[in-house]
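Enquirer: A single structure is presented below for examination.
The values are calculated or read from the model by the stated rules, or taken from the named source; none is laboratory data. These numbers were taken from a predicted model, which means no experiment stands behind them. With ideal geometry, Cβ positions are generated from the backbone for all residues, glycine too; neighbour counts draw on all protein chains shown. With ligands, DNA and RNA removed, areas are computed over all heavy atoms of the protein, side chains included. Shrake-Rupley method; radii C 1.70, N 1.55, O 1.52, S 1.80 Å.
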Amino acid sequence: MPQSVITNDDLSQIVDTNDEWISSRTGIKERRLVKEETTASMSAEAAKRALENAGIQPEEIDLIIVGTITGDYVTPSTACEVQAAIGAVNAVAFDINAACSGFLYGVSMAYAYMKCGIYKKALVIGAETLSKIMDWNDRSTCVLFGDGAGAAVLALSEDEENSGILAFEQGADGAKGMVLAGRDRKNNNPLVKNSTEPEYVHMDGQEVYKFAVTTVPESINRVLEKAGLKPDDIQYFLLHQANIRIIQSVSKRLHVPMDKFPISLDHCGNISAASVPILLDEVNKKGMLHKGDKIVMSGFGGGLTWGTCVLEW
Ligand code: UT7
């Protein structure tokens, strides 16, 4: 996470907002925003810590996937920058753009590569500096998002006992993509007249909200069905941290108490692809995960996209 903590009160100095509105509508109290840090620097730091935690050397990694919509360059990819920074000289490296589902899409790709026997050890990272693509005049979006990175090491297990990922469920609804959109840099082609549409992120919050509260419980139910599990079998549901009200609604629809939904959005805000891996790390560091626990992770948002998986820790 970046060093700089920005509270709701700090934001009220920038746009016409207040702590009461942000806290009650979203559950967010503060977020971190970059000053010196970049998407690549935070990704590399998260990657180093994940490797240390897994007891794996960078040279052992043969695949690096970074889920991000805010890479520092069009090329090289953030994943290639990470590869150089950590010395993962034997890795294939690329980014994927699946917004808030980026980490889950990345995990499913790493899993598929491993199942095919192509790669054996992967680093999957979710990383964003959303602050650079926000419209800081739009109070309905800029207060929601934060910056940060999270990483996980995935390894092909030889051990049948260690079942790891049990099932996936993913999807996309591109027809509704413009409800959460941000244009890329201006077109530099001299033959093309530049668009006057906003360059920064704009969102129809209520449409995204409706999408989330219907799609996420459906996706979780489908993934549980694939794995032959019931909501009661799950220790924790690690959801993308967009809004506490979305998480409360999912909890209600699944008839699962809120204490099975760990929360980081109060101090992180919405960090898109980085939300789920940061939450997973927090839960892990608090000692809340035990071998054999079954965990659901779910990301949802821009695209529109969603990705859910159930795994055995
Ligand atoms: O990771 C991607 C996924 N994104 C999401 O999941 C976002 C999903 N959507 C949401 O979380 C919610 O729709 C929001 C938090 C974005 C908005 O909450 P809402 O309850 O839908 O509020 P609203 O957009 O209906 O706005 C209500 C009022 C409006 O004023 P009027 O028209 O009622 O007078 C807004 O102008 O709140 C006003 N408002 C604000 N007031 C103070 C909007 N933003 C702010 C603000 N501070 N920051």
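Enquirer: Only one of (1) in contact with a Pro (Cβ under 8 Å, 6 or more places away or on another chain); (2) open to solvent by 20 Å² or more (accessible area, probe 1.4 Å) fails for residue 157. Which number is that?
Expert: (1)
Enquirer: Still on this structure: Condition (residue is under 28 Å from residue 306 (Cβ atoms) and in a loop (DSSP other than H, G, I, E, B)) applied to the range 100-110: is it met by at least one residue?
Expert: no
Enquirer: Go through the residues of the range 22-34 one by one and say whether even a single one is touching a residue at least 12 places away in the same chain (Cβ under 8 Å), away from the ligand (no atom under 16 Å from the Cβ) and assigned to a loop (DSSP other than H, G, I, E, B).
Expert: Checking the range 22-34: at least one residue is touching a residue at least 12 places away in the same chain (Cβ under 8 Å), away from the ligand (no atom under 16 Å from the Cβ) and assigned to a loop (DSSP other than H, G, I, E, B).
Enquirer: In addition: May I ask you to say which residue of 52, 60, 45 is away from the ligand (no atom under 16 Å from the Cβ), in contact with a Lys or Arg (Cβ under 8 Å, 6 or more places away or on another chain) and open to solvent by 60 Å² or more (accessible area, probe 1.4 Å)?
Expert: None of the others qualify; the one that does is 60.
Enquirer: Still on this model: May I ask you to verify whether residue 69 is surrounded by 22 or more Cβ atoms within 10 Å (Cβ to Cβ) and not in a helix (DSSP H, G or I)?
Expert: yes
Enquirer: Determine whether the range 271-282 contains at least one residue that is polar (S, T, N, Q), in contact (Cβ under 8 Å) with a residue 60 or more places away in the chain and either open to solvent by 20 Å² or more (accessible area, probe 1.4 Å) or not in a helix (DSSP H, G or I) (or both).
Expert: Checking the range 271-282: not a single residue is polar (S, T, N, Q), in contact (Cβ under 8 Å) with a residue 60 or more places away in the chain and either open to solvent by 20 Å² or more (accessible area, probe 1.4 Å) or not in a helix (DSSP H, G or I) (or both).
Enquirer: Within the range 95-153, restricting attention to residues that are β-branched (Val, Ile, Thr) and farther than 22 Å from residue 40 by Cβ, which residue is surrounded by the fewest Cβ atoms within 10 Å (Cβ to Cβ)?
Expert: Filtering the range 95-153 down to residues β-branched (Val, Ile, Thr) leaves 96, 107, 118, 124-125, 129, 133, 141, 143, 153.
Checking which are farther than 22 Å from residue 40 by Cβ leaves us with 118, 141, 143.
On the way: 118: 11, 141: 21, 143: 24.
By that ranking, first place goes to 118.
Enquirer: So which residues in the range 283-303 are within 13 Å of the ligand (Cβ to nearest atom) and open to solvent by 20 Å² or more (accessible area, probe 1.4 Å), if there are any at all?
Expert: Residue satisfying the conditions is 303 alone.
Enquirer: Note down all Cβ pairs under 8 Å where the first residue falls in the range 136-147 and is assigned to a loop (DSSP other than H, G, I, E, B), the second is more than 11 Å from the ligand (Cβ to nearest atom) and of a type in the set (Phe, Trp, Tyr), and they're at least six residues apart or on different chains.
Expert: That search, which allows pairs on different chains as well, returns 138/200.
Enquirer: Moving to a separate point now. Anything in the range 157-189 that is hydrophobic (A, V, I, L, M, F, W, C) and within 16 Å of the ligand (Cβ to nearest atom)? List them, or say none.
Expert: 172, 178, 179, 180, 181
Enquirer: If I filter the range 16-33 down to residues being among the β-branched types (Val, Ile, Thr) and more than 19 Å from residue 279 (Cα to Cα), which single residue comes out as least open to solvent (accessible area, probe 1.4 Å)?
Expert: 22
Yes or no, residue by residue, for (1) hydroxyl-bearing (Ser, Thr, Tyr); (2) touching a strand residue (DSSP E or B) at 6+ places or on another chain (Cβ under 6 Å); (3) in the same structural domain as residue 201 (by TED's automatic domain parsing); (4) within 16 Å of the ligand (Cβ to nearest atom):
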position	(1), (2), (3), (4)
74	no, no, no, no
101	yes, yes, no, yes
117	no, no, no, no
122	no, yes, no, no
136	no, no, no, yes
